[in-house]
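A short write-up of the structure that comes next.
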Amino acid sequence: MTPDADPTFREPWEAQAFGIVVKLHEAGAFTWTEWAEALSGEIRAAQQAGDPDTGETYYRHWLAALESLVRRKGLVSDAELRTRRLEVAANAARHQHQARRTPLAIG
Amino acid sequence: MADTGHGADAALRIKALESLLVEKQLIDPKALDAVVELYEHKIGPRNGAKVVARAWVDPDYRKRLLADGTAAIAELGFSGVQGEDMIVVENTPEVHNMVVCTLCSCYPWPTLGLPPVWYKAAPYRARSVIDPRGVLAEFGVEVPETVEVRVWDSNAELRYLVLPMRPAGTEGMTEEQLAALVTRDSMIGTGVPMAA
């Protein structure tokens, strides 16, 4: 436990997941109590499955809670989510973890 | 769909979900960027520090703050998600307050920003209840045996803010100078304000 400040979001996807929950709640998609129940449920399940629950994996639980809540509320279906994930994965630019000497793409 | 996936998987999942929600016009991508910007750069513990400093210099405000936290905090312009129902608990020579969320991470965003990693971690969530004095000692806060420690469990309906004691020797300081002494942890109860 270090009492000092840490970054709000460690990776951009965490910020996106955070923002989506806030905006959906503001739009009335779910109450904050429903959200807190979904999130604490995910955290409990992860803990039981052996997650060290150190706070580092927090936004993974947040994301899982968001996905399950939007499905339960009927905002997005399981099938839609699966299909879209495949599409996103197929269209993702191939990221190579090495120094490039040529452009990734030329338009 | 119990994906516990790996690495870049989370980024892909959020991208897929976001694009669906945008398509269905359930969220506006620009508003999404704005809310992230707000919480990354504009909302943070300095808001809470202003509330505390005002309570230190203005006895009437302090009274209002302890009677109706939400309304008194809104007077200074701080309100919104996770700030709807605020209870302010006051530290005194007899009582030290600390705040935890035993279930997840309920936390007063408008006054403190988003919670630090340790607040969301199991050790703090569990041990604050079993051994609050031990946890406080790890944060460097020694509470004498004669002082009662009260642990408050934040939840989705209610969030707590600790009003720490004003440090000694600050009589001549302005509200702004006082606010600079108020740390985030002193408003969670895992710290005390900086010395003058």
_For a quick check: sort A:Arg71, B:Arg62 by the number of other beta carbons within 10 angstrom, fewest at the front._
A:Arg71, B:Arg62
*Restricting attention to region B:1-105, which GluC sites (Glu not before Pro) occupy a DSSP loop and are surrounded by at most 16 other Cβ atoms within 10 Å?*
B:Glu84, B:Glu94
*Would you grab the residues whose amide H sits under 5 Å from the one on B:Gly44? Only those 5+ places off in sequence or on another chain, please, with H modelled 1.01 Å from N.*
B:Gly113
*Quick one: if you stick a label point 7 Å off each Cα along the C-beta vector at B:Met165 and A:Arg10, how many nm between them?*
3.7 nm
*Simple spin-label model, 7 Å along Cα-to-Cβ: B:Asp131 to B:Glu90 in nm?*
3.3 nm
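Rounded to a whole number of µm²/s, how large is the Stokes-Einstein D of the protein assembly as shown at 10 °C and 1.306 mPa s, given Rh as the Kirkwood radius over C-alpha pairs?
Working: Rh = 20.9 Å.
In µm²/s, the coefficient rounds to 76.
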*Volume per residue of the C-alpha convex hull in region B:44-188, rounded to whole Å³*: 105 Å³
*Residue with peak Gaussian network fluctuation, chain A [Cα springs, cutoff 10 Å], from A:Val76, A:Val21, A:Val88*: A:Val88
_Within chain B, helix-based [θ] at 222 nm, where runs of 4 or more DSSP H residues each add -39,500 (n - 2.57), nearest 500_ = -12000 deg cm²/dmol
_Report, in listed order, any pair from A:Lys23/B:Lys120; A:Lys73/B:Lys120; A:Lys23/A:Lys73; B:Lys30/B:Lys120 with a Cα-Cα distance greater than 18 Å._
A:Lys23/B:Lys120; A:Lys73/B:Lys120; B:Lys30/B:Lys120
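Hey, what did region B:1-112 get for relative contact order, percent, Cα under 8 Å, at least 6 apart? Present the calculation step by step, with values, prior to reporting the outcome.
Values: 76 pairs, mean separation 29.5, N = 112.
Worked out over region B:1-112, it gives 26 percent.
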*Sequence neighbours fewer than 8 away in the same chain don't count; with that in mind, list the lysines whose C-alpha is under 23 Å from B:Lys50.*
B:Lys42, B:Lys63
*Which value, in debye to the nearest 20, describes the size of the charge dipole of chain B about its Cα centre when Lys and Arg Cβ atoms bear +1, Asp and Glu Cβ atoms bear -1, and nothing else is charged?*
160 debye
_Amide H of B:Leu163 versus every other amide H placed in the peptide plane: which residues, excluding those fewer than 5 positions away on the same chain, fall under 5 Å?_
B:Val89, B:Glu90, B:Asn91
*Between B:Val135, B:Val22, B:Val88, find the one with the highest GNM mean-square fluctuation for chain B; connect C-alpha pairs within less than 10 Å.*
B:Val22
*Which whole-Hz couplings ³J(HN,Hα) result when phi for each residue of region B:92-108 is put into the Karplus expression 6.51 cos²θ - 1.76 cosθ + 1.60, θ = phi - 60°, listed in order with x for Gly and Pro?*
9, x, 9, 10, 10, 9, 9, 10, 9, 10, 6, 8, 8, 7, 4, 7, x
*Let a ≥ b ≥ c be the square roots of the eigenvalues of the Cα gyration tensor of chain A; is it rounded (a/c under 1.5), or, if not, prolate (a/b larger than b/c) or oblate?*
oblate
*Backbone HN-Hα couplings from phi across region A:57-71 [Karplus 6.51/-1.76/1.60, Hz, Gly and Pro as x]*: 9, 3, 6, 5, 5, 4, 4, 4, 5, 4, 4, 6, 5, 5, 6
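All of the numbers you see were taken from the coordinates with simple rules; none came from a lab. Here the structure is a predicted model, which is why all the values come from computation and not from measurement. Methodologically, a virtual Cβ is constructed for each residue, glycine included, from the backbone with ideal geometry; neighbour enumeration extends over all protein chains shown.
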